[in-house]
Each structure stands twice: as structure tokens, then as C-alpha cells.
Amino acid sequence: MTHEPQRTRPALFSQIDVAQGAYPAAAAGQEAEQTRLLRELLSAQDRQNELLEELVGQLSAAQKQRNVELGQWKQANPRLARNCRVAAEALGKVQTEFLESLTAEVNANYENLLDGEFMLNEFVDRFGPRMAHLNGLLQVLSQLSAVSNLTGTPNSP
């Protein structure tokens with residue numbers, strides 16, 4: 001039986017000196033640099049917050065102005081606003097029917113749409129522009145028909 005000398009393994013754990021005086025003098029300079037950088041970051045973040053507040057103010061002012069103008073238009077054209085409401089409701093039903101035919105087409109031809117680029121292009125050409133224009137028309141009619149007072153609370157016509 002031969003004895004092999006045991007190999008020394010590096011220690012898994014080492015000791016760390018955590019005493020207060022363990023940091024060299026250069027660490028104090030690094031600490032001051034970190035503090036300076038953190039203060040710069042804080043001031044930059046404060047400036048960014050100020051800019052965001054200004055941006056929100058600008059956007060909300062434009063939205064308020066638009067709402068006031070829309071309210072004035074509705075007061076000047078109450079009959080047209082009511083007609084827009086009726087048209088939006090009717091067009092919403094048309095959109096529902098259109099979506100039903102679109103989904104039926106997708107479900108019936110899923111494999112063809114997946115495998116054939118020609119079929120997919122035909123599908124998009126047939127349904128895409130209609131969907132986009134229909135959504136745009138509904139959005140305009142809905143905005144013109146929505147009745148609200150200056151506080152922005154919706155009322156019925």
C-alpha cells in the first residue's frame with residue numbers, strides 16, 4: 001500500500017478584515033468621488049423631472065384647448081353631433097360584422113395563410129385597408145358625437 005502525499009487545496013473561504021481602519025487613505029478620495037457623482041445624478045434626475053412636468057403641462061394644455069374647441073363645435077352643431085352619434089353606433093355594428101367575416105376567413109384559411117405568401121398578401125389587401133379606414137371613421141364620429149361638459153365628465157345628449 002503506497003501512501004500518496006495529500007495535495008493541498010486552496011481554501012474555500014478567506015478572511016476579510018472589516019475593521020474601520022482597514023481602508024487605505026485612497027478610499028476616502030474614491031468615496032468623495034462617488035458622492036460627487038451621486039449628487040450629479042440626483043441633479044440630472046431633478047432636471048429631467050422638471051422637463052417631464054413641463055411636457056405634461058404642454059400636452060394637457062393642448063388637450064384642454066382641443067376639448068374646449070370640440071365642445072364649442074358641438075354646441076354650435078347639436079343636430080350634427082347627434083347624427084354623428086347615430087352614425088357611429090351604426091358603423092360600430094358594421095365593424096362588428098366585418099370583424100366576424102374577417103375572423104371566419106382567418107379560421108377557415110389558416111393553413112393557406114400560413115403557408116402561402118400570396119394568400120396572406122391577398123388577405124391583407126382585402127381586409128387591411130377597410131379595417132384601417134373603418135377604424136378611422138369610427139374614431140372621428142365617436143369624438144364628434146361624444147358629449148361632455150368643460151370638466152370632461154361625459155353626459156348623455
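The values are calculated or read from the model by the stated rules, or taken from the named source; none is laboratory data. Just so you know, these numbers come straight off a predicted model, no measurement behind them. Neighbour counts are summed over all protein chains in view; Cβ atoms, including those assigned to glycine, are modelled from backbone coordinates with ideal geometry.
A compact table of results
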item: Subset of region 52-88 [aliphatic (A, V, I, L, M) and under 28 Å from the mean Cα position of the chain (by Cα)]; result: Leu52, Leu55, Val56, Leu59, Ala61, Ala62, Val68, Leu70, Ala88
item: Scan of region 101-145 for residues that are aliphatic (A, V, I, L, M), closer than 15 Å to Leu91 by Cα and modelled with pLDDT under 90, ordered by number; result: Leu144
item: Tabulated pairs, region 115-131, first under 18 Å from Ala104 (Cα atoms), second among the hydrophobic types (A, V, I, L, M, F, W, C) and surrounded by 12 or more Cβ atoms within 10 Å (Cβ to Cβ), C-beta under 7 angstrom, 6+ apart or interchain; result: Met119/Leu113; Leu120/Leu113; Phe123/Leu113; Phe127/Leu102; Arg130/Phe98
item: Residue among Leu91, Leu99, Leu114 that is in the same structural domain as Arg126 (by TED's automatic domain parsing), in a helix (DSSP H, G or I) and under 25 Å from the mean Cα position of the chain (by Cα); result: Leu99
item: Odd one out for Cys84 among (1) at pLDDT below 95; (2) not assigned by TED's automatic domain parsing to the domain that holds Ala146; (3) not aromatic (Phe, Trp, Tyr); result: (2)
